[in-house]
1. Taking only the range 1-20 into account, find how many residues are open to solvent by 60 Å² or more (accessible area, probe 1.4 Å), assigned to a helix (DSSP H, G or I) and of a type in the set (V, I, T).
2. Anything in the range 21-53 that is part of a loop (DSSP other than H, G, I, E, B) and surrounded by 13 or more Cβ atoms within 10 Å (Cβ to Cβ)? List them, or say none.
3. I'm trying to understand the selection: among the residues of the range 54-66, which are among the small types (G, A, S) and either in contact with a Lys or Arg (Cβ under 7 Å, 6 or more places away or on another chain) or not in a loop (DSSP other than H, G, I, E, B) (or both)?
Amino acid sequence: MGLSVLEIWNNALSLVGTRSSIASLEEASREAELCAQWYANVRRVVLAAAHWSEGRSAARLGLLAE
């Protein structure tokens, strides 16, 4: 199971040594502002560095049965 965006942001804040955490993605704090500013760019760079083709694009999955 993957981490939520909020969990990723709080893990990143912990790794850089802040003592605060974010309670909501829309929180009005400097930490939340910086995470929101950098998250999309860092995510794109990490996925581009991956060695699997699934990480480079997104597609809708077809329905197998109803």
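The values are calculated or read from the model by the stated rules, or taken from the named source; none is laboratory data. The structure displayed is predicted, hence computed values, not measured ones. Don't worry about glycine lacking a Cβ; one is built from the backbone with ideal geometry, like all the others, and counts go over all protein chains shown. Side chains are part of the model used for accessible areas, which takes the heavy atoms of the whole protein and leaves out ligands, DNA and RNA. Shrake-Rupley method; radii C 1.70, N 1.55, O 1.52, S 1.80 Å.
1. The total comes to 1.
2. S21, I22, L25, E27, S29, listed by residue number.
3. G55 - this is the single residue of the range 54-66 that is among the small types (G, A, S) and either in contact with a Lys or Arg (Cβ under 7 Å, 6 or more places away or on another chain) or not in a loop (DSSP other than H, G, I, E, B) (or both).
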